[in-house]
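What follows is a short report on a single structure.
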Amino acid sequence: MAERWRTPVIPLAVDQVEQGLWLPDGRVQGEVQMTLRASDIERIRAGYVCVKCLEPHEIAWPVRCQVCGSPMRSEQAAYFAREFGGEITMATRPSWDEELEGLEERRRKEEERARKDAQLGR
Ligand SMILES: [Zn+2]
């Protein structure tokens, strides 16, 4: 049986995002948004998976990715925070619509409570 750390990271979806990065020399770098499983995001966050090429590693935080040479130990945490923060978290929720409904519901209840508090003069 394959060792667990070897489990490949396979994006559930890769979407080309309209907004690109306009580099100083005039090139436009397209952006992709990857939808990953929550467990895979954790592996990236924990330093086991290269954030650039998604290669799994046996030991967390190698100095460099063995495949693409990305400086995982020094750069990955910051890169991850900068590039992926909210988007990945959002994108990986299987039921984002439900999540939104939940938020809306919570907001309504908050408002209701605030109104009641106001009526009671609190
Ligand atoms: Zn890599």
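The values are calculated or read from the model by the stated rules, or taken from the named source; none is laboratory data. These figures come from a predicted structure and were not determined experimentally. We place every Cβ from the backbone using ideal geometry, glycine too, and count neighbours over all the protein chains shown. These accessible areas exclude ligands, DNA and RNA; they are computed on the full protein's heavy atoms, side chains included. Shrake-Rupley method; radii C 1.70, N 1.55, O 1.52, S 1.80 Å.
What to note about this one:
- Ordered from largest to smallest accessible area (heavy atoms of protein chains, 1.4 Å probe), the residues ILE59, ILE41 come out as ILE59, ILE41.
- Computed from the Cβ-Cβ distance with R0 of 25 Å, the FRET efficiency linking ILE59 to ASP15 stands at 0.20.
- Between ARG4 and CYS68, the modelled label-to-label distance comes to 2.5 nm, taking each label 7 Å out from Cα in the direction of the beta carbon.
- Within the assembled protein chains, the solvent-accessible surface assigned to LYS52 is about 120 Å², based on a 1.4 Å probe.
- Residue-by-residue Karplus 3J(HN,Hα) for region 6-12, coefficients 6.51, -1.76, 1.60, Hz, glycine and proline x: 7, 3, x, 8, 10, x, 6
- Net charge of neighbours whose Cβ lies under 14 Å from the Cβ of THR7, counting Lys and Arg as +1 and Asp and Glu as -1: -1
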